[in-house]
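Peer 1: Before anything else, here's the structure in question.
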Amino acid sequence: MLEKTKQGRDSAPRGDDWHGKPLQERPGFLIRRLHQIHVALFMEECAGESITPVQYSILTALDHIGAAEQIVLSGAVGLDTTNVADVLARLERQKMIKRRMSPRDKRMKIVSLTDTGRALLQRIDAGAARAHERTLAALSPTARARFMRDLETLVEANNDLSRTPVGTR
């Protein structure tokens, strides 16, 4: 159960003494390490394509949602608009995406996946899938399903605390 702090924010009761635990037993450290490991596996599996996991996420989001305003894309992948704009500039130089002005608001840009971007996704989908599988390989099928449910629960419960909540734009 959550308690209110002096500032009025919810805080978890102190059931675990995180300060007394070694770094390797703390959730934040383990989450960061697992992210580093997954990025390394992704880069290994997709090595021939010179694409980052963030670029892959943006291309995948465009493939799933179709053409979208940059701000919508930012909300879909959980990146702030400045970082999305930087990644999109690189993808545009590589001809993976194209951007055009929004017909309803000249300050907004519509982003769409190009045939080149779609072809890249097709080439690396198997490698990205292998990276996901390798990330979870130490878990039994039952433990994998539970782990994924737990991750989804944690992300959903804390989504609004992020600087860039997913799906809120």
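Peer 1: Let me confirm something: among ALA145, ALA138, ALA119, which residue is without any contact (Cβ under 8 Å) to a residue 40 or more places away in the chain and assigned to a loop (DSSP other than H, G, I, E, B)? Give the steps one after another, and end with the answer.
Peer 2: Details: ALA145 fails: assigned to a loop (DSSP other than H, G, I, E, B); ALA119 fails: assigned to a loop (DSSP other than H, G, I, E, B).
Checking each option against the conditions leaves just ALA138.
Peer 1: When the stretch 100-117 is examined, which residues are found to be modelled with pLDDT of 95 or more and touching a helix residue (DSSP H, G or I) at 6+ places or on another chain (Cβ under 7 Å)?
Peer 2: VAL111, SER112, LEU113, GLY117
Peer 1: Can you work out which of the residues in the stretch 60-112 that are part of a loop (DSSP other than H, G, I, E, B) and among the acidic types (Asp, Glu) is nearest to ARG123 (Cα to Cα)? Walk me through how you get there before you give the answer.
Peer 2: Just the residues of the stretch 60-112 that are part of a loop (DSSP other than H, G, I, E, B), to begin with: 66-67, 78-80, 94-96, 102-108.
Subset that is among the acidic types (Asp, Glu): 80, 105.
On the way: ASP80: 28, ASP105: 35 Å.
Looking at the filtered set, the residue picked out is ASP80.
Peer 1: Let me ask something additional. Taking the criterion of being closer than 30 Å to LEU30 by Cβ and in contact (Cβ under 8 Å) with a residue 12 or more places away in the chain, would at least one residue in the stretch 89-112 satisfy it? Before the answer, list the steps.
Peer 2: Here is the first cut: in the stretch 89-112, the residues closer than 30 Å to LEU30 by Cβ are none.
Checked the stretch 89-112: no residue is closer than 30 Å to LEU30 by Cβ and in contact (Cβ under 8 Å) with a residue 12 or more places away in the chain.
Peer 1: Something else about it: Test each condition in (1) at pLDDT 95 or above; (2) in a loop (DSSP other than H, G, I, E, B); (3) within 17 Å of VAL54 (Cβ to Cβ); (4) not acidic (Asp, Glu) for VAL166 and report the one that comes out false.
Peer 2: VAL166 satisfies all of (1) at pLDDT 95 or above; (2) in a loop (DSSP other than H, G, I, E, B); (3) within 17 Å of VAL54 (Cβ to Cβ); (4) not acidic (Asp, Glu) except (1).
Peer 1: Here's another thing I want to ask about it. Does LEU62 satisfy the criteria of being touching a strand residue (DSSP E or B) at 6+ places or on another chain (Cβ under 8 Å) and surrounded by 17 or more Cβ atoms within 10 Å (Cβ to Cβ)? Show your work before the answer.
Peer 2: Values: touching a strand residue (DSSP E or B) at 6+ places or on another chain (Cβ under 8 Å): yes; surrounded by 17 or more Cβ atoms within 10 Å (Cβ to Cβ): yes.
Considered against the rule, which asks whether it is touching a strand residue (DSSP E or B) at 6+ places or on another chain (Cβ under 8 Å) and surrounded by 17 or more Cβ atoms within 10 Å (Cβ to Cβ), LEU62 comes out as yes.
The values are calculated or read from the model by the stated rules, or taken from the named source; none is laboratory data. Please read all numbers here as calculations on a predicted model, not as lab measurements. Positions of Cβ are backbone-derived with ideal geometry, glycine not excepted, and every protein chain shown enters the neighbour counts.
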